[in-house]
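The values are calculated or read from the model by the stated rules, or taken from the named source; none is laboratory data. Computed from a predicted structure; not experimentally measured. Heads up, the Cβs are rebuilt from the backbone with ideal geometry, glycines too, and the neighbour counts pull from every protein chain shown. These accessible areas exclude ligands, DNA and RNA; they are computed on the full protein's heavy atoms, side chains included. Shrake-Rupley method; radii C 1.70, N 1.55, O 1.52, S 1.80 Å.
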Amino acid sequence: MKKIIKILSVMLIAACIFAGMIFYGTFVSVKRVNIVNQTVISNKIPDECNNLKIALISDIHYNSFMDKERLSAMIEKINQASPDIILFAGDLFDKPDQIPVNDAVREELIQLLKTLEAPYGKFAVLGESDHASRQLEEGMQNIFYYADFELLNNTSVLLHKDSTHSINLIGIDSQIGGKPDINKAMENIDTNNFTIVLTHAPDLAGSLPLNNIDLVVAGHSHGGQIALPMFGPLFRKDGARKYTHGTTTVNNTVIIVGNGLGTTDFDIRLFAPPQCIMIRLTNK
């Protein structure tokens, strides 16, 4: 009898722990963005850009589980971290081919994105959800424009911080659903500058000339939304099967994959919380 009671007690405790994890993942974790600090060191970073703070966000998936209240709270926390530059790695809306995006939703999201603060610029690339239709692609361009983001579609810009010394930022279209053109994106790049590639699906890194790139940043994977300790993401997406989450270094190139902010298919996150990766560039 004592043995049966012991077994039942263990089962009850396990069931309570499991229920607690599901409750936390469904009602708490999905609403809290973690600010993850990451330092990237390179002697190619000019002194004038030393300690530049770059916020990497992605995968908002607005208009489904992600709503105004949830995103507003996340933006407030991101702003409190005081990034110099914000990079958005794609997927604004959740399944826009199935969940209609009307003018009111677009305007609401524009106003939210405008509140993201970055004195030296906000930049974005498209994800596969943003390519659901030609009409949607055009809508994305308008949203980013009015939200003070510069959309980088297989092109590049120079990042400055109160000086003429610069860092290369290359934006490449999504490997999934998009039309990435690496050669076009890297035209006229001075490889003596520190060079960052912003893209949606991280496995594109396998096709990049990494010897000319110092940092690759991406999203798409959601960290699996559910990850198992010691085993990693439970679900792996095409385009994020090799680089699923976190930081990897390939030769001298750092590859950083953020979990993103939103959720899709099911509104839960376990051991894969919403993230804003705060990358500090330093030459020291």
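Using a 1.4 Å probe over the heavy atoms of the protein chains, calculate the carbon and sulfur portion of the accessible area of region 74-229 as a whole percent. That fraction is 44 percent. With a Förster radius of 41 Å, plug the Cβ-Cβ distance of I182 and I22 into 1/(1 + (r/R0)^6) and report the FRET value to the nearest 0.05. That gives a FRET efficiency of 0.45.
Taking N as the number of residues in region 105-147, what value does Rg over Cα atoms divided by 2.2 N^0.38 Å take?
Values: Rg = 10.9 Å, N = 43, 2.2 N^0.38 = 9.2 Å.
So the Cα radius of gyration is 1.19 times the expected 2.2 N^0.38 Å.
Could you pull out the pairs from K114/K179; K77/K114; K31/K95 whose alpha carbons sit more than 22 Å apart here?
K114/K179
Based on the reciprocal of the average 1/r between different C-alpha atoms, the Kirkwood radius for region 73-130 equals 12.7 Å.
Which semi-axes, in whole Å and largest first, does the equivalent ellipsoid of region 46-145 have when worked out from the alpha carbon gyration tensor as the square roots of 5 times its eigenvalues? Write down the numbers at each step before the final one.
Values: eigenvalues 131, 46, 23 Å².
Ellipsoid semi-axes (Å, largest first): 26, 15, 11.
Taking a temperature of 20 °C and a viscosity of 1.002 mPa s, what whole-number D in µm²/s does Stokes-Einstein yield for region 109-206 with Rh from Kirkwood over alpha carbon pairs?
150
Result for the chain in a Gaussian network model with C-alpha springs under 10 Å: among H200, H245, H165, the largest mean-square fluctuation is at H165. Shown in residue order for region 45-55 are the 3J(HN,Hα) couplings computed by the Karplus curve 6.51 cos²θ - 1.76 cosθ + 1.60 at θ = phi - 60°: 7, x, 4, 5, 9, 5, 6, 4, 9, 10, 8 Hz (x for Gly and Pro). Note on K161: aspartates and glutamates with a C-alpha under 13 Å away, same-chain residues under 8 apart excluded, are D47, E48, D84.
For G246, the residues whose amide H sits under 5 Å from its own are V257, ignoring neighbours fewer than 5 places away on the same chain, with H placed 1.01 Å from N.
Taking only Cα atoms of region 219-263, what ratio of Rg to Rh do you get with Rh as the Kirkwood inverse-distance radius? If you can, show how the numbers build up before the last one.
Numbers: Rg = 10.6 Å, Rh = 10.8 Å.
Answer for region 219-263: 0.97.
How much length would be gained if the chain were fully extended between S163 and E69, taking 0.36 nm per residue of separation minus their Cα-Cα distance, in nm to one decimal? Could you put the intermediate results ahead of the total?
Working: separation 94, 0.36 × 94 = 33.84 nm, distance 3.79 nm.
Computed gain between S163 and E69 is 30.1 nm.
Annotation: peptides 258-269, 225-236, 60-71, ranked by per-residue average of other Cβ atoms within 10 Å with the highest first, follow the order 258-269, 60-71, 225-236. The alpha-carbon positions of region 178-271 define a convex hull whose volume is 103 Å³ per residue.
Taking 37 °C and 0.692 mPa s as the conditions, I'd like the Stokes-Einstein D for region 28-99 in µm²/s, using the Kirkwood hydrodynamic radius from alpha carbon pairs. Could you put the intermediate results ahead of the total?
Numbers: Rh = 14.2 Å.
Using the Kirkwood radius from Cα pairs, D works out to 231 µm²/s.
Couplings for region 197-214, taken from phi via the Karplus curve 6.51 cos²θ - 1.76 cosθ + 1.60 with θ = phi - 60°, read 10, 10, 8, 8, 8, x, 5, 4, 4, x, 9, 8, x, 4, 5, 10, 10, 9 Hz in order; Gly and Pro are left as x.
Taking only the Cα atoms of the chain, the radius of gyration and Dmax are 19.9, 79 Å. The 3J(HN,Hα) values that the Karplus relation (6.51, -1.76, 1.60; θ = phi - 60°) gives for region 160-175 are, in residue order, 10, 9, 6, 6, 8, 5, 9, 10, 7, 10, 10, x, 10, 4, 5, 5 Hz. Gly and Pro appear as x.
Rounded to the nearest whole Å², what accessible area per residue is found for the chain with the 1.4 Å probe? Can you show the working numbers first?
Working: 13620 Å² over 284 residues.
Accessible area per residue: 48 Å².
Comparing V101, V197, V125 in a Gaussian network model of the chain, where Cα atoms under 10 Å apart are tied by springs, the biggest mean-square fluctuation is seen for V101.
Among all helices in the chain defined by DSSP H, which have a length of 20 Å or more along the axis from Cα atoms plus a Kyte-Doolittle mean of at least 0.0? Can you show the working numbers first?
Numbers: long enough: 2-27 (37 Å, 1.68).
Span-like helices here: 2-27.
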